[in-house]
Amino acid sequence: MPPRRGFDHRHRLAAVDGNRIHGREAVVTNAPPLARPAVLRLAALGQLPHELDITDADLRERETLIDSLEPPASDEEERLLLPLLGEGTCWGLAWGVVHLVESSPSWPDWEGVRVLPAEWREMLWANAIAAGFTPPAA
């Protein structure tokens with residue numbers, strides 16, 4: 001069955017706020033953003049800096065934002081959060097991002113993981129494989 005006119009497939013997440021459920025699809029009436037404000041702010045701040053390159057104020061802001069987010073992350077949030085992983089763990093903040101990313105309904109995002117630094121790519125691939133997912137052929 002073709003999608004209904006005007007239906008955006010990205011809205012196949014659990015209905016929240018102003019959405020109504022019809023079958024397994026969410027029909028968006030007053031669509032809330034697909035990402036929570038804290039995720040949008042984290043994405044705007046960019047990749048987590050190395051421990052030696054972050055100010056106390058930046059560290060506190062990012063920590064507050066990450067701590068405010070409860071899993072699961074939506075698919076859109078996962079796509080916004082994954083690029084935040086850079087070199088190092090940014091005083092452990094990266095682990096909060098990892099837990100959110102892995103809670104997404106569409107996880108694992110093999111293509112998104114491919115572009116990450118080796119330490120994150122290898123760890124996330126190993127976690128996904130250990131959870132029973134099969135990576136795509138190279």
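Values quoted throughout were computed directly from the atomic coordinates according to the rules given, and no laboratory measurement underlies them. The structure presented is a predicted model; accordingly, all values stated were derived computationally and were not measured. Cβ atoms come from the backbone with ideal geometry, glycine included; neighbour counts cover every protein chain shown.
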Exercise for the section: Looking only at region 90-102, count how many residues are under 13 Å from Leu116 (Cα atoms) and of a type outside the set (A, V, I, L, M). Expected result: 0
Problem - Residue count for region 88-105, restricted to those that are farther than 14 Å from Pro71 by Cβ and either touching a helix residue (DSSP H, G or I) at 6+ places or on another chain (Cβ under 8 Å) or buried (at least 21 other Cβ atoms within 10 Å of the Cβ) (or both) - result: 6
Fill in the blank from the handout: Scanning region 40-79 for residues that are in a helix (DSSP H, G or I) and closer than 22 Å to Ala118 by Cβ gives Glu51, Leu52, Asp53, Glu78, Arg79
Fill in the blank from the handout: For region 116-138, the count of residues that are surrounded by fewer than 17 Cβ atoms within 10 Å (Cβ to Cβ), touching a residue at least 24 places away in the same chain (Cβ under 8 Å) and in a loop (DSSP other than H, G, I, E, B) equals 4
